[in-house]
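Everything on this sheet refers to the single structure shown next.
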Amino acid sequence: MTSPLQIELKAVNKYYGNFHALKNIDLAVPSGTFVALVGPSGCGKSTLLRSLAGLEETSGGKMEIAGVDVTDMPPRKRDVAMVFQSYALYPHMTVAQNLTYSLRIQKVAKAELRAAAEKVAASIGLTELLDRYPRELSGGQRQRVAMGRAIIRNPKVFLFDEPLSNLDASLRVQMRKEIRALHDRLGATTVYVTHDQIEAMTMADHVVVLRAGVIEQQASPMTLYERPTSKFVAGFIGSPAMNFIEGKICDNGTSVMLEMAGAPKLDIVQKVTPNMPVTVGIRPEHIRVAPSEECDFSLPVTLIETTGTMSYVSLGTAPELSLMLTDRTVFSVGDNIGLVVDKARIHLFDPKTEQAIT
């Protein structure tokens, strides 16, 4: 059974003077879904979130939350809670006072305030910190307070605007788990803005990729990874990024000649128009090292970056190819190594439109 829609955006537009920041955005979010808005800086993801919160006035279109038209409704009446990148805690208030700020505005009794603070604090590991001030907390603890302040309101929608960007790498990983676990525990509807596609892929049920104010593609994380509809999405989703090589479909329509050193010819799974120019996309993890008698082609190693658990290897020039190895590398810069491509995982794109060829 399909969940009812908690958020529905129809042809939403936003202009800043002559700059068209959001272009006919359509988005439907079922109740209880975790949605990530992802894209490069300036793509419109924070503008879209702020528009949904009512902090930005839209220039056209319609926004509904839980079936109610909120397009012209002020933020306080939309029943959404927003967690900001900067935490936005009141420095002169204790953790308990920060958590219950919205309830105190509603004139809730003191006894109820403390009980509500203790209940939320217990759910996010802040029980021992209720009487401390923000200056006495770590970055991760401050972020938990900001989350708790949103939870205590029991809103229809949670909005997160790059909440982890001020934290160090290890704490970001921990907080990703905590935010997702919190979402699942509350059965909440969450919209999460991030520039980090790994955050989007690991946390979200549904990922919306924006580019220059337009939704480039929206789907489950694995659909975006396995079936990107454009070169932009293919290059943005996945780490390290997809390799792109210009090529031309051979006369048989089932193989492609790559325009690179050695000019290797690779078979393709689908049949494509013969002699058609294409951009070939190959993910680094879909290339493996092989003996010379088994390889599709060979290239010289130009750079090796080792993280401990894996190595990122750059090969050749114009274009440069990268691959990812989980085995310990036994070769050095300058070595010529044989490579095999997983033919079933090759992606083809139209060089002019940059749209996927299927």
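The values are calculated or read from the model by the stated rules, or taken from the named source; none is laboratory data. None of these values were measured; they are calculated from a predicted model. Ideal geometry is used to build each Cβ from the backbone, glycine not excepted, and the neighbour counts take in all protein chains shown. Areas reflect the complete protein model, heavy atoms only, side chains present, ligands, DNA and RNA absent. Shrake-Rupley method; radii C 1.70, N 1.55, O 1.52, S 1.80 Å.
Considering only region 85-100, state which residues are open to solvent by 70 Å² or more (accessible area, probe 1.4 Å) and part of a helix (DSSP H, G or I).
Going residue by residue through region 85-100, those that are open to solvent by 70 Å² or more (accessible area, probe 1.4 Å) are 85-86, 90-92, 97.
Scanning region 85-100 gives a single hit, 97.
Filter region 317-355 for residues that are open to solvent by 50 Å² or more (accessible area, probe 1.4 Å) and under 16 Å from residue 260 (Cβ atoms) and give the result.
Passing the criteria: 317, 318, 320, 336, 351.
Within region 9-20, is there a residue that is more than 21 Å from residue 143 (Cα to Cα), among the small types (Gly, Ala, Ser) and surrounded by 22 or more Cβ atoms within 10 Å (Cβ to Cβ)?
Start the filter on region 9-20 by keeping residues that are more than 21 Å from residue 143 (Cα to Cα), which leaves 9-20.
Those left that are additionally among the small types (Gly, Ala, Ser): 11, 17.
Next cut, surrounded by 22 or more Cβ atoms within 10 Å (Cβ to Cβ) only: none.
Taking every residue of region 9-20 in turn, none turns out to be more than 21 Å from residue 143 (Cα to Cα), among the small types (Gly, Ala, Ser) and surrounded by 22 or more Cβ atoms within 10 Å (Cβ to Cβ).
Residue-by-condition table, conditions (1) polar (S, T, N, Q); (2) within 33 Å of the chain's Cα centre (by Cα); (3) at positive phi:
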| position | (1), (2), (3) |
| --- | --- |
| 262 | no, no, yes |
| 290 | no, no, no |
| 300 | no, no, no |
| 305 | no, yes, no |
| 323 | no, yes, no |
| 326 | yes, yes, no |
| 333 | no, no, no |
| 339 | no, yes, no |
| 355 | yes, yes, no |
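So which of 122, 116, 111 ends up being buried (at least 16 other Cβ atoms within 10 Å of the Cβ), over 28 Å from the mean Cα position of the chain (by Cα) and part of a helix (DSSP H, G or I)?
116
Of everything in region 29-56, what is open to solvent by 50 Å² or more (accessible area, probe 1.4 Å) and either on the phi > 0 side of the Ramachandran plot or among the hydrophobic types (A, V, I, L, M, F, W, C) (or both)? Give them in sequence order.
42, 55
Which ranges mark the strands (runs of 3 or more DSSP E) fully within region 1-69 that have 2 or more residues being more than 18 Å from residue 191 (Cβ to Cβ)?
Details: elements: 5-16, 19-30, 34-38, 60-65.
Once the strands (runs of 3 or more DSSP E) in region 1-69 are filtered for at least 2 residues that are more than 18 Å from residue 191 (Cβ to Cβ), what remains is 5-16, 19-30.
Quick one: count up the residues across region 267-288 that are in a strand (DSSP E or B) and surrounded by fewer than 18 Cβ atoms within 10 Å (Cβ to Cβ). Break it down stepwise before answering.
Going residue by residue through region 267-288, those that are in a strand (DSSP E or B) are 267, 277-282, 287-288.
Okay, now just the ones that are also surrounded by fewer than 18 Cβ atoms within 10 Å (Cβ to Cβ), so 267, 277, 288.
Here the count works out to 3.
Looking only at helices (runs of 4 or more DSSP H) that fall completely inside region 166-266, which ones have 2 or more residues that are open to solvent by less than 50 Å² (accessible area, probe 1.4 Å), touching a residue at least 12 places away in the same chain (Cβ under 8 Å) and within 22 Å of residue 355 (Cα to Cα)? Give the derivation first.
Working: elements: 169-186, 197-203, 221-226, 231-236.
Fully inside region 166-266 and qualifying: 197-203, 221-226, 231-236.
Can you list residue pairs whose Cβ atoms sit under 6 Å apart, with the first residue in region 298-319 being touching a residue at least 60 places away in the same chain (Cβ under 8 Å) and the second being open to solvent by less than 50 Å² (accessible area, probe 1.4 Å) and assigned to a strand (DSSP E or B)? Count only pairs 6 or more apart in sequence or on different chains.
312/324; 319/245
State whether one or more residues within region 62-84 are of a type in the set (Ser, Thr, Tyr), under 30 Å from residue 232 (Cβ atoms) and open to solvent by less than 30 Å² (accessible area, probe 1.4 Å).
Quick first cut of region 62-84, residues of a type in the set (Ser, Thr, Tyr) only: 71.
Adding the requirement that they be under 30 Å from residue 232 (Cβ atoms) leaves 71.
The next check asks that each one be open to solvent by less than 30 Å² (accessible area, probe 1.4 Å); those that pass are 71.
Looking through region 62-84, at least one residue is of a type in the set (Ser, Thr, Tyr), under 30 Å from residue 232 (Cβ atoms) and open to solvent by less than 30 Å² (accessible area, probe 1.4 Å).
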